[in-house]
Amino acid sequence: MLIKVLGSAAGGGFPQWNCNCSNCQGVRNGTMPTSARTQSSIAVSDDGHEWVLCNVSPDICHQIAATPELIKHDVLRGTAIGSIILTDSQIDHCAGLLNLREGCPHQVWCTSEVHDDLTSGFPIFTMLKHWNGGLVHHAIRPNDAFSVAVCSALKFTAIPLLSNAPPYSQYRGRPLPGHNVALFIEDTRSGKRLLYAPGLGEPDATLLEYMYQADCLLIDGTLWHDNELAATGVGSHTGKDMGHLALAEEQGLITLLSTLPAQRKILIHINNTNPILDESSAQRQALTEKGIEVSWDGMRIDL
């Protein structure tokens, strides 16, 4: 299994276009050892030729341009993206579908809850019907394994997460099990397994079982502290409000990751305020000492 990290930042990217926090200023003026990042998305493949796109960020056109594997050079118009899977209906994970309208129809796999949000509060499916049939929905049932139109050696399972529905969902504050899922991806030839969870509010027993089985965790690294937005002066929401488990809390993600046997533990969906973006920071050093990696745009993972 091949994994390409197309975007490793949380919503707004890094630097965030309207933010002058110390991190964003540091990357803009080159005074902080780091790299710019686009909004979170990955692509997976079983052969390196056909790919499954997992989430479609608003930065998708730039991400495709920066990823030669996704460009087909032997056709007048086309792409190596054969299927799309959405883990939720958040803007930073699905708004990029609008930028892919010229390539419609696209085969899109998501839960009924995500599909409902994307035909009502944020009706991307409805809007894109006007472009060559738009988006073809394939329903995902949580906890049931499925395969997609390409990459037949890969088996996917959507695992419900304790998180939140987006602000435009009628279920904001009271999400259903299908509003947020992690993807457990198994290569049926090698037996290697990836858990992809860019949003993670609170792990339950079911998710923990899959986390213990994974050879590689590509997992939510949004915030260092739960009150980080308030502490940096850029907002009032906590990580828990937004459906993210912070890294450094007493029962935070670092504590959890330290108990898991995965060969690689990699953070994705990193907010622009998170101090781990500074490669010289004490927080980044603490992660390195625990064997936890921080993803970057263009990162390739071979399983």
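Any read-out appearing in this document is the output of simple, stated calculations on the displayed coordinates, not a laboratory observation. If you're wondering where the values come from, they're calculated on a predicted model, not measured in any experiment. Cβ placement follows ideal geometry from the backbone for every residue including glycine, while neighbour counts extend to all protein chains displayed.
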Pairwise centroid distance, computed over Cα atoms, of the stretch 214-233 with the stretch 62-113, Å: 26 Å
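So which GluC sites (Glu not before Pro) in the stretch 157-253 pass both tests, a DSSP loop state and at most 16 other Cβ atoms within 10 Å of the Cβ? Display every interim value, and only then the final one.
Numbers: sites: E186, E209, E228, E249, E250; in loops: E249, E250.
In loop regions of the stretch 157-253 (DSSP not H, G, I, E or B), the sparsely surrounded GluC sites (Glu not before Pro) are E250.
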Residues whose placed amide H lies under 5 Å from that of A80, excluding near-sequence neighbours: I71, K72
Calculate for the chain the 222 nm mean residue ellipticity that helices alone would give, adding -39,500 (n - 2.57) per DSSP H run of length 4 or more and normalising by residue count, nearest 500 deg cm²/dmol. -4500 deg cm²/dmol
Neighbours of F156 by Cβ distance under 12 Å: Lys/Arg at +1, Asp/Glu at -1, summed charge -1
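Considering all alpha-carbon pairs of the chain, what whole percent are spaced by more than 24 angstrom? All intermediate terms of the calculation are to be shown ahead of the outcome.
Details: 22284 of 45753 pairs.
Every Cα pair in the chain considered, those over 24 Å come to 49 percent.
Tell me, what is the percent relative contact order of the stretch 51-156, built from C-alpha pairs under 8 Å that lie six or more residues apart?
On the way: 172 pairs, mean separation 27.9, N = 106.
Relative contact order, the stretch 51-156: 26 percent.
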Please report how far the C-alpha centroid of the stretch 122-141 lies from that of the stretch 254-303, rounded to the nearest whole angstrom. 34 Å
Out of the stretch 149-247, which trypsin sites (Lys or Arg not before Pro) are coil in DSSP terms and have no more than 16 other C-beta atoms within 10 Å? R172, R189, K192
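Are any of the pairs K72/K290; K72/K129; K192/K290; K72/K155; K240/K265 more than 28 Å apart by Cα-Cα distance, and if so, which?
On the way: K72/K290 40 Å; K72/K129 25 Å; K192/K290 22 Å; K72/K155 24 Å; K240/K265 22 Å.
K72/K290, as the Cα separations exceed 28 Å there.
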Would you please state which residues of the stretch 14-37 a label at E279 would reach in this model, taking the label point 7 Å out along Cα→Cβ and a backbone N cut-off of under 20 Å? 14-16, 22-37
H49 paired with A65, simple spin-label distance in nm, labels 7 Å along Cα-to-beta-carbon: 2.8 nm
Assertion target for F122, F14, F146, ordered by fewest C-beta neighbours within 10 angstrom first, is F146, F122, F14
Distance in nm between label sites at L98 and K155, each 7 Å beyond Cα in the beta-carbon direction? 3.9 nm
How many Å³ per residue does the convex hull of the Cα positions in the stretch 17-101 occupy? 132 Å³
